[in-house]
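These notes are about the structure you will find just below.
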């Protein structure tokens, strides 16, 4: 095993661990936050970054072009779809009144 292999293995393991921690933090946020708008925030931002870090870490661990391409596709689709879906669900929750008005500092979406 060359020194470069060792560095790539350690970097991959660290990225996988960081991604897993971010995903767990996002899961706790879904349980702890009181309203739909806060839950949508935790469902998109840390979870999306967590999936991207896990995909990069796995690509560094596997070092296979086909697997790296598939992981890149997974991370790219997650980065494109999760924030858009979260925004659409948040907007629906806002229009349906399923949020706590006392938690909004400034209501920029008010019609």
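Readers should treat all values here as calculations from the given coordinates under stated rules, not as data from a laboratory. As the structure is a prediction and not an experimental result, all values here were calculated from the model. In this analysis, Cβ positions are derived from the backbone assuming ideal geometry, glycine residues included, and neighbour counts consider all displayed protein chains.
If the label point is 7 Å along Cα→Cβ of residue 28, which residues in segment 45-71 have backbone nitrogen under 16 Å from it? In segment 45-71, the label zone of residue 28 (backbone N under 16 Å from the point 7 Å along Cα→Cβ) covers 46-47, 50.
Applying 1/(1 + (r/R0)^6) with r as the Cβ-Cβ distance of residue 102 and residue 81 and R0 = 22 angstrom yields a FRET efficiency of 0.10.
Can you give the FRET efficiency for residue 45 and residue 68, using 1/(1 + (r/R0)^6), R0 = 25 Å, r = Cβ-Cβ distance, to the nearest 0.05? Spell out each step's value before the answer.
On the way: r = 25 Å, r/R0 = 0.99.
In this case the efficiency is close to 0.50.
Taking all Cα pairs closer than 8 Å and separated by 6 or more residues, the relative contact order of the chain comes to 30 percent. Peptides 65-73, 48-56 ranked from most to least packed, by the mean per-residue count of other Cβ atoms within 10 Å: 48-56, 65-73.
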